[in-house]
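The structure appears right after this line, and notes come after that.
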């Protein structure tokens with residue numbers, strides 16, 4: 001936790017909003033029905049405070065016990081840390097019907113999969129929706145240079161369908177307000193050129209990882225293959241005013257050398273004033 005706090009303050013320079021995946025419940029993998037993760041979040045908040053970082057707040061909607069995949073009892077989910085001295089969670093949302101909301105709660109497509117979380121924030125009088133995601137893994141897929149050719153991607157169909165649902169959600173926001181700025185981020189468990197990511201983009205989102213030079217375009221290394229699994233997509237109206245940067249804190253080094261995850265974070269800067 002201390003290393004994670006250090007990364008937030010010194011490597012990421014204390015982002016206003018942090019989307020997180022695989023947040024476990026308060027007692028980790030103890031399978032006793034606990035689903036709340038407020039104490040898990042507090043450990044991170046306190047660790048950032050200890051090194052004189054901002055006092056973040058955390059928002060989530062806890063999953064039902066053992067319903068969203070991952071290790072039994074851990075109840076992993078997505079959530080947001082945000083710096084309330086810089087951004088506020090909108091108390092009267094203008095872009096969402098309610099704040100916050102899980103996508104796919106009643107949709108069987110999302111069975112045993114993390115439900116995306118949408119939250120509306122206000123920054124200097126402007127509202128923005130951020131959607132955190134952790135789509136189903138590539139478990140069971142053939143390896144790119146393995147003996148099974150052409151590749152068999154057993155997990156891809158579900159990711160395409162989940163991506164379509166998130167795209168529909170963003171479309172719904174922009175039908176009400178065509179200029180609504182929306183950010184869709186997270187571990188999509190697929191590549192920038194893949195069918196799931198192209199489905200997620202549709203005609204209303206841009207995957208900003210495509211703007212990153214190829215030599216720097218990776219967030220994860222699997223069996224020696226550097227690849228993008230973690231993405232930040234934005235609506236077309238804010239794409240020209242958005243810069244993203246994968247911060248290679250973790251993927252290039254081993255756990256023994258101090259990494260805090262096997263994925264790299266991706267940092268985004270958005271100029272909402274120019275986009276308004």
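Of all residues in segment 75-122, those that are over 15 Å from residue 61 (Cα atoms) and surrounded by fewer than 17 Cβ atoms within 10 Å (Cβ to Cβ) total 14. Report yes if residue 165 is modelled with pLDDT of 95 or more, outside any helix (DSSP H, G or I) and in contact with a helix residue (DSSP H, G or I) (Cβ under 7 Å, 6 or more places away or on another chain), otherwise no. Answer is no for this residue.
Taking the criterion of being surrounded by fewer than 17 Cβ atoms within 10 Å (Cβ to Cβ) and either over 14 Å from residue 251 (Cβ atoms) or touching a helix residue (DSSP H, G or I) at 6+ places or on another chain (Cβ under 6 Å) (or both), the residues of segment 205-216 that qualify are 210, 211, 213, 214. For segment 168-216, the set of residues classified as touching a strand residue (DSSP E or B) at 6+ places or on another chain (Cβ under 7 Å) and part of a loop (DSSP other than H, G, I, E, B) consists of 180, 181, 188, 191, 192, 204, 212, listed by residue number.
For segment 232-252, a residue qualifies if it is assigned to a loop (DSSP other than H, G, I, E, B) and under 21 Å from residue 214 (Cβ atoms), and the qualifying residues are 247, 248, 249, 250, 251, 252.
The values are calculated or read from the model by the stated rules, or taken from the named source; none is laboratory data. What you are looking at is a predicted structure, and each value in this text was computed from that prediction instead of being measured. Heads up, the Cβs are rebuilt from the backbone with ideal geometry, glycines too, and the neighbour counts pull from every protein chain shown.
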